[in-house]
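Computed from the coordinates by the stated procedures, all read-outs in this text should not be read as laboratory data. Just so it is clear, the model here is predicted, and its values are computed rather than measured. In this analysis, Cβ positions are derived from the backbone assuming ideal geometry, glycine residues included, and neighbour counts consider all displayed protein chains.
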């Protein structure tokens, strides 16, 4: 089977520190945090009261924030894709990382009180539990995506997995174009309380913008975020033929299972290493070809040292020569959307000629000994960036992106 | 040629016990406390299917991929009720009461028992599957997505063994609620807890290791109709030919269950055809030759 090159021809993003790629990129390069006090509900007595909350009001056909985020990000991507006057054509599909079904305590209380469930489809489909797969159908209908949608629920790796499986469909000729990405919002009472009960989230409530501290000695857990990232993948030749200018190229994907612990990564970073090594092999690249890494970087005590170890294992001496950015320091952890939004961050920064900073990195942990680009963006020319995601339950995914300059130079 | 070397199913109907016991398949017994019903279904069906295929850890690890489809999220009423009780102000949910005490009523392991990727975790950890994976959401449409991913990974030889798991914990108040409100509704008594597993391999690889080939995948196809999910409600239907349909609504597990029953009980070769039109406008079909 002849492998097709896979162009990234458009992107869209909804993030806590910016809606739309230009605003998001500006925030990344300026090191502007999107972490604030939670205002979506009153979290007064919860241990964690901060999050990366999207500020924009985005319309959605159901009262489920992640649906509005996904639709907005996809609209931006398709508008960009069609800016040249043509649209991608042929067999199009969707590959979407998506979060948990929205579970409403208000609706549960209403049901217990014996109130009748609402009768209209809109109300019925948002009463008690809104099936997450609805989001895929809204997106497919809005953009005429005729292939059966792929839904990924591999927790924090879902966004990267969505990009990877969509990439393979285009590369193998099973699709002509794919809308790929992730969307999530767990900034709701059950979501916030659930993570707090696991002691997984930062309680640095007094200084929200300083709370997400990947690789830092005083890190105390992740900060929840919300948002969506969407990218449009097309066959390289088809994209050029219709007059589109690729923003870059997706060249490799690998994923793996830790087969180890439910909430702790493999102590030798086996799964994380396997995912990165498979992505490099899939791209036909050597570790030394990678110019920078967009890290998973959650700021949890367990994850950051293991991720650092995995980078050492895969990249050897090259590990210390690459800048490594943690987008979660700026926007928090977007769970199922994380990998997709971080891919948008990586590619837009790459094309701008910069790596964005890992903010709040005052004193790196002694076990975290790489160049994490503390505090300030740095000018850095990049041909290839690897972006990784590691999920609860031992799901690991990595993708390799080629920047616009290198991709166009390759012909 | 892609073939089935192991298949197993497990199901609990309306009159069956509430729980299953997967302990015999657990590498670390302490993980039992993290497991919900859909995890039990996944581990038991995978354990039996891998045993039938004659596959132990030495053949799996990095060369085995996992392709899992789970049902709607099944928070248990007994886990949620205490949270709600402590969060009410009169009959209404009170955020203040939830924050000050309600959330503390949640069982600390609640999250682990309901997350849709947990069946994949338990199967991977107990049977040492370290290869690529695909973990997806409810519905027969996603079963075909998982099947396509598995076949693609086998054909490009990135793996030698694909473990496909479909599970749904449906005797559950939230899931019953969901099926009761859609058009047409499905009665709670029709909803079964169901899990099933297929072990797929390339025929040449299976033969080389001396495995018994139990069925062959002859072909599959999928089609999707983008639609307005709020107004174009559709009943959907799912049929099997060549074999009897197992009783009850099995969620995503029906196809794998039918194959498991066919390979376990067929004295003569037969052709099994599965056709589905899902409520979300995916139509798909697969043909299998079950070997004698």
Quick check: pseudo-label points 7 Å beyond the Cα along Cα→Cβ at residue B:213 and residue B:1, how many nm apart are they? 0.3 nm
The distance between the Cα centres of region B:54-129 and region A:102-124, in whole Å, is 22 Å
Any idea what log10 I(q)/I(0) is at q = 0.20, 0.21, 0.27 Å⁻¹ for region B:7-86, Debye with uniform C-alpha scatterers and no solvent? -1.09, -1.17, -1.47
Nearest 10 degrees, 0 to 90: helix B:37-53 Cα axis against chain B principal axis: 10 degrees
How do A:302, A:328, A:66 rank when sorted from fewest to most other Cβ atoms within 10 Å of their own Cβ? A:302, A:328, A:66
extent check for region A:186-308: Cα max minus min per principal axis, descending, whole Å, gives 52, 33, 25
Per-pair calculated FRET efficiency, R0 = 45 Å: residue B:32 and residue B:100 via Cβ, rounded to 0.05: 0.85
GNM on chain A, C-alpha springs below 10 Å: top fluctuator among A:82, A:274, A:115? A:115
Solution diffusion estimate, µm²/s, Stokes-Einstein, region A:121-210, Kirkwood Rh from C-alpha pairs, 37 °C, viscosity 0.692 mPa s: 206 µm²/s
DSSP-defined antiparallel bridges as percent of all bridges, the protein assembly as shown, nearest 5: 75 percent
Mind checking the angle between helix B:254-265 and chain B's longest principal axis? C-alpha axes, 0 to 90 degrees, to the nearest 10. 50 degrees
Please report, in Å, the Rg and the Dmax of region A:342-411, where both are computed over Cα atoms only. 14.1, 44
The Cα extents of the protein assembly as shown along the principal axes, largest first and rounded to whole Å, are 69, 65, 52
Helix-only mean residue ellipticity at 222 nm, the protein assembly as shown, DSSP H runs n ≥ 4 weighted -39,500 (n - 2.57), per residue, nearest 500. What is it? -9000 deg cm²/dmol
Most mobile of B:267, B:146, B:64 in a GNM of chain B (Cα contacts under 10 Å): B:267
For region B:41-90, evaluate the Debye formula with one uniform point scatterer on each Cα (no solvent term) and list log10 I(q)/I(0) at q = 0.30 Å⁻¹, rounded to two decimals. -1.18
What share of the DSSP beta bridges in chain A is antiparallel, in percent to the nearest 5? 70 percent
With Rh as the Kirkwood radius over Cα pairs, chain B has Rg/Rh of 1.00
Rounded to the nearest 0.05, what FRET efficiency do residue B:58 and residue A:375 have when you use their Cβ-Cβ distance and R0 = 56 Å? 0.70
I'd like the distance separating the alpha-carbon centroids of region A:281-322 and region B:211-225, in whole Å. 38 Å
For region B:47-177, the Cα convex hull volume per residue in Å³ comes to 128 Å³
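Contact order normalised by length for chain B, with contacts defined as Cα pairs under 8 Å and 6 or more residues apart; what percent is it?
Rounded, it is 27 percent for chain B.
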With N residues in region A:305-368, Rg(alpha-carbon) / (2.2 N^0.38 Å) equals 1.19
Cα-Cα pairs above 37 Å in chain A: how many percent? 16 percent
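Given C-alpha coordinates of region A:1-159, what is the ratio Rg to Rh with the Kirkwood estimate of Rh?
Answer for region A:1-159: 1.01.
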Most mobile of B:183, B:239, B:278 per a Gaussian network model of chain B (Cα springs, under 10 Å)? B:183
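Using Cα pairs closer than 8 Å and at least 6 residues apart in sequence, work out the relative contact order for region B:1-100, in percent.
Reported relative contact order: 24 percent.
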